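For reference, the structure discussed in these notes is given below.
Just so it is clear, none of the values below were taken in a lab; they were calculated from the coordinates. What you are looking at is a predicted structure, and each value in this text was computed from that prediction instead of being measured. Using ideal geometry, Cβ is built from the backbone for each residue, glycine included, and neighbour counts are taken over all protein chains shown.
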Amino acid sequence: MKSSSATALAHPNIAFIKYWGNRDNVLRLPSNGSISMNLDGLFTRTAVSFQPSLRLDTLTINGHEVTGKGLTRVSQILDIVRKISGINAKAEVVSQNNFPAGAGIASSAAAFSALALAASKAAGLDLSEAELSRLARRGSGSASRSIPGGFVEWQMGSGDEDCYAFSIAPPEHWRLADCVAIVSAAHKKTGSTEGHALAPTSPLQNARVEDSARRLTLCREAIFQRDFEALAEIIEIDSDMMHAVMMTSNPPLMYWQPATLGIFHAVREWRASGFPAAYTVDAGANVHVICLKEYAAETEKRLRELPGVSETLVAETGGAARLVNG
Ligand code: PMV
C-alpha cells in the first residue's frame, strides 16, 4: 500500500439535463444521460485514512459524527475500494462542506466524488477519471458528474463499465453563474434515492426518457455554441419535465412552493425583456437561476426582491475534483 491517507476536494454540480430514475437502482445506472455544470467556490473537502487499528469505519461531517444510513452509504464506497485494492483496514473519513445544508445545493454530488478520489488514493490506487466517475456514481448518481471539470456529460452506457461522466467543455469555455434563490418555506423533501425509485410509477417517465437524446443534443450544442437563449429554453423544459414526472409519481412528489413558481414567472419575464436568465430546479423548492457571469450581481439583486426569497448564493463554472494537502 503506497499511502494510507489522502484528502480530496470536489464541487457540487447543477444539472442542465436532469437525471431522474435508474434502470438499475443498486449500480445506479440512470434511465437517461445528463449534462451539468460544476459549481466553483462551493466544495466538500474529505480526508480518508485507512487505519488497521480501527474496528469500524467512522464518519465525521462538519465536526459531527455520523452513524446509521449515512455511514452505511460511505462504507459501501469504502468496501468497493477495499475490494479493488485488496486492503482490509477500516477507514476514518472526515468531511467538511463550505456551503450550508438545505441551501438547495445537492451535497451528495460533491461528497461522493471527494470520497471516491480520497479513498482510492488513500488505498494506493491510481484510478482513471472514468473509473473515479464510476466509483462516485455508486454513492450518488450525480456525483459521477463532479469528478470531471467544467461542463460535464454523464453517458448512460450499456452497463457499469461504460456508465461514467466526462468533460464536454472546460470551465473557461463559457463563464456562467448559478444564482440560487433560497425559498423560505422549504419543507422536508423526499431524498433523491427514494425519488429515483418512484420515477417509473409516473406515466410520463417513459416519454421523458424517450425524448432525452434530443434534449441532450440541444443542450450540448447550446454549450458548444455559447448560445444562451437555446440553453435557457432547453434547461427550463427539461427541469419542468422532471418535475412533471415527480408530481405524477405514485405517491406524488411536489417539491415546488408558491415562491418557486413566482420565480419561474419572473425569470421568464426578464428573459422576454432581454435579460439573459433561465431557471432549473432539483429535488427541492429552491430555484437555480443560470445566467452569464457578468449578469450575476443583477440577477441576485432581482431575486432578492421577489416574494419568498430568503437568501441567495452565487457560484460560477467550476473545475474537476482534485487532491489537496490534508
Ligand atoms: O445523485 P442523486 O441521487 O442525488 O440525484 C440527483 C437528482 C437531481 O438533482 C434532481 C437531478 C440531477 O441530475 O442532478
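Data for the structure
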| quantity | calculated |
| --- | --- |
| Relative contact order (percent, whole number), the chain, Cα cutoff 8 Å, 6+ residue spacing | 25 |
| Label-to-label distance, nm, for residues given as GLN76 and SER5 (7 Å Cα→Cβ offset) | 2.8 |
| The chain: angle of helix 258-272 to the longest principal axis, Cα-based, in degrees nearest 10 | 60 |
| Kirkwood Rh and Cα Rg combined as Rg over Rh, evaluated for the chain | 0.97 |
| The stretch 19-108: mean projected area of Cα convex hull, nm² | 7.5 |
| Rounded tilt (10° steps) of 212-225 against the dominant C-alpha axis of the chain | 80 |
| Förster radius 45 Å - calculated FRET efficiency between GLU161 and SER273, Cβ distance, rounded to 0.05 | 0.40 |
| Gain upon complete extension [ARG55, ASN98; 0.36 nm per residue less C-alpha separation] | 12.5 nm |
| Residue-averaged [θ]222 nm for the chain, counting only DSSP H segments that reach four residues, each worth -39500 (n - 2.57) | -11500 deg cm²/dmol |
| Sorted peptide list for 49-57, 229-237, 277-285, 301-309, criterion being average Cβ within 10 angstrom, highest first | 277-285, 229-237, 301-309, 49-57 |
| Helix 228-247 vs. the chain, principal-axis angle (Cα, 0 to 90°, nearest 10) | 70 |
| Cα-projected label distance for ALA207 with HIS265, points at 7 Å along beta-carbon direction, nm | 2.5 |
| Phi-based couplings in Hz for the stretch 274-284 (Karplus 6.51, -1.76, 1.60; Gly and Pro marked x) | x, 8, x, 8, 8, 9, 8, 9, 8, 7, x |
| P(r), alpha carbons of the stretch 1-154 - 5 Å bins starting at zero, rounded % | 2, 10, 20, 24, 20, 14, 7, 2, 0 |
| Interchain or long-range residues, amide H under 5 Å from VAL183's placed H | ASN286, VAL287, SER310 |
| Cβ crowding within 10 Å averaged over residues, with 313-324, 114-125 ranked highest first | 114-125, 313-324 |
| Assigned charges on the beta-carbon of Lys, Arg, Asp, Glu; the chain dipole about Cα centre (debye) | 840 |
